[in-house]
Amino acid sequence: MANLKIDRLRDNIRNVFLGHSKAVDLLLIGMLARGHVLIEDVPGVGKTVLAKSLAKSIDCKFSRIQLTPDLLPSDVLGVSIFNTQTQKFDFKPGPVFANVVLADEINRTTPRTQSALLEAMSEEQVSVENTTMPLERPFMVVATQNPFEFEGTYYLPENQLDRFILRIAVGYPERSSEHRILTTQPGRNALDQLKPVMTGAEVVELQDLVPNVKLDPAIVDYILDLVEATRHDEQLHLGVSPRGALALTQAVQASAVLNGRDFATPDDVKMLFIPVCAHRVVSKTYLHNGDANATARVLQAVLDQVPAPR
């Protein structure tokens, strides 16, 4: 039953997003693992379409934040407004109080505003004016950004990047898919007509299956071997942290649920090692982990060197 629900959700997204299917699967893995996903690629390849198609496929509250340089933290979290009738301040929740939050072009706003999302992404709660307010499950931030070398972008701080369980690239579509894009223009038409195929409660039920996925001791040792190898790699200034290792484990379990299994395999680890860990390590030749391609090449070499369990 769970697999049928996931297949229905996946197919619904693919009706609109005509890019590579791997990007859809990675986004769903992030959702199942109760994580947040950063979609990074050049403009015009469908980052926002992918994020919005997931949000519209789930019958829950969705909000979009268009990040700009003049945006303030209160524009994200909310603000208290004085009520002249009650003579009290009423809190007006910001767009972060939703189930699926699309933070569009997150690296076009200042680090101060970026950090407004930190607590929400880490603890599923928001603290405003000495009051802590929990966020309703499911809660997921899907952020998009252009590559950091593009004009008008800010670096995402390492602690902000670390809150994303996955960083994925959309890539250019295949020729047949791009032909459909040109002839049917799904981003303009089908997205507006997309209907939800899953409720928020069903998403929570699927998420609750993830911790129950069996992890063979050999799989755990394989993850630890990979993580340890990054910490001793001469090309890396910083390796994968314990939080990164935990994120990889959760993503591996979520991948098993996505594929209808109650156990994890070495292939799950191999598929997710780079999307989960490339933005968490720092290259010695480029002391900022914004260069995903450089760190991905290093991690691919680590994958090739560390033997996988049979």
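The values are calculated or read from the model by the stated rules, or taken from the named source; none is laboratory data. Keep in mind that this is a model prediction, so the values were computed, not measured. Methodologically, a virtual Cβ is constructed for each residue, glycine included, from the backbone with ideal geometry; neighbour enumeration extends over all protein chains shown.
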_Matching residues in the range 276-292 - criterion: being out of contact with any Pro (no Cβ under 9 Å at 6 or more places or on another chain), of a type in the set (A, V, I, L, M) and modelled with pLDDT under 70_ = Leu287
*List every residue pair whose Cβ atoms lie under 7 Å apart, where the two residues are 6 or more positions apart in sequence or sit on different chains, the first residue falls within the range 109-128 and is in the same structural domain as Lys92 (by TED's automatic domain parsing), and the second residue, located anywhere, is surrounded by 18 or more Cβ atoms within 10 Å (Cβ to Cβ) and of a type in the set (S, T, N, Q).*
Gln114/Gln160; Ser115/Gln160; Leu118/Gln160
*Quick one: which of Arg137, Arg167, Arg163 is among the basic types (Lys, Arg), closer than 27 Å to Gln250 by Cβ and either not in a loop (DSSP other than H, G, I, E, B) or not assigned by TED's automatic domain parsing to the domain that holds Leu26 (or both)?*
Arg167
*Any idea how many residues of the range 1-26 are within 17 Å of Leu191 (Cα to Cα) and touching a strand residue (DSSP E or B) at 6+ places or on another chain (Cβ under 6 Å)?*
1
*asked:* Can you find a residue that is closer than 14 Å to Arg64 by Cβ and either aliphatic (A, V, I, L, M) or loosely packed, with under 14 Cβ neighbours inside 10 Å (or both) anywhere in the range 115-133?
replied: yes
*Find the residue count for the range 28-77, including only residues that are crowded, with 22+ Cβ neighbours inside 10 Å and on the phi > 0 side of the Ramachandran plot.*
1
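Quick test for you: out of Ile39, Ile81, Ile13, pick the one residue that is among the β-branched types (Val, Ile, Thr), within 29 Å of Glu205 (Cβ to Cβ), more than 15 Å from the chain's Cα centre (by Cα) and assigned by TED's automatic domain parsing to the domain that holds Leu156.
Going through Ile39, Ile81, Ile13 in turn, just one is among the β-branched types (Val, Ile, Thr), within 29 Å of Glu205 (Cβ to Cβ), more than 15 Å from the chain's Cα centre (by Cα) and assigned by TED's automatic domain parsing to the domain that holds Leu156: Ile13.
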*Using the structure shown, decide if Ile181 is at pLDDT 90 or above and assigned by TED's automatic domain parsing to the domain that holds Asn99.*
no
*asked:* Every residue in the range 219-242 that is assigned to a helix (DSSP H, G or I) and in contact with a Lys or Arg (Cβ under 8 Å, 6 or more places away or on another chain), please.
replied: none
_Can you go through Val76, Val142, Val100, Val170 and tell me which one is aliphatic (A, V, I, L, M), farther than 24 Å from Gly244 by Cα and in contact (Cβ under 8 Å) with a residue 24 or more places away in the chain?_
Val76
